[in-house]
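Asks: First, the structure itself, so that you have it in front of you.
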């Protein structure tokens, strides 16, 4: 893609904010429409994909982290 596509404007991941210099950059896009959502780092791209590439998956992850089901048991991880 060329600069006329407007994809050269991101110097930081548009999701986590990490500097994109010298790391793998991904053009994040909607897999149904093909429209570009943003320029993100590879880690964020993988994270979105593993959560189903949709809001439902991300909302489930937020709900889980907001209210961890095992936290009230006060069990320490020893792994």
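The values are calculated or read from the model by the stated rules, or taken from the named source; none is laboratory data. Just so it is clear, the structure is predicted and the values come from calculations on it, not from any experiment. Cβ sites come from the backbone with ideal geometry, for glycine too, and all protein chains shown count toward neighbours.
Asks: Within segment 15-53, can you find the residues that are surrounded by 16 or more Cβ atoms within 10 Å (Cβ to Cβ), assigned to a loop (DSSP other than H, G, I, E, B) and touching a residue at least 24 places away in the same chain (Cβ under 8 Å)?
Replies: 15
Asks: Taking residue 63 as meeting all but one of (1) at pLDDT 95 or above; (2) surrounded by 11 or more Cβ atoms within 10 Å (Cβ to Cβ), write down the number of the exception.
Replies: Condition not satisfied by residue 63: (2).
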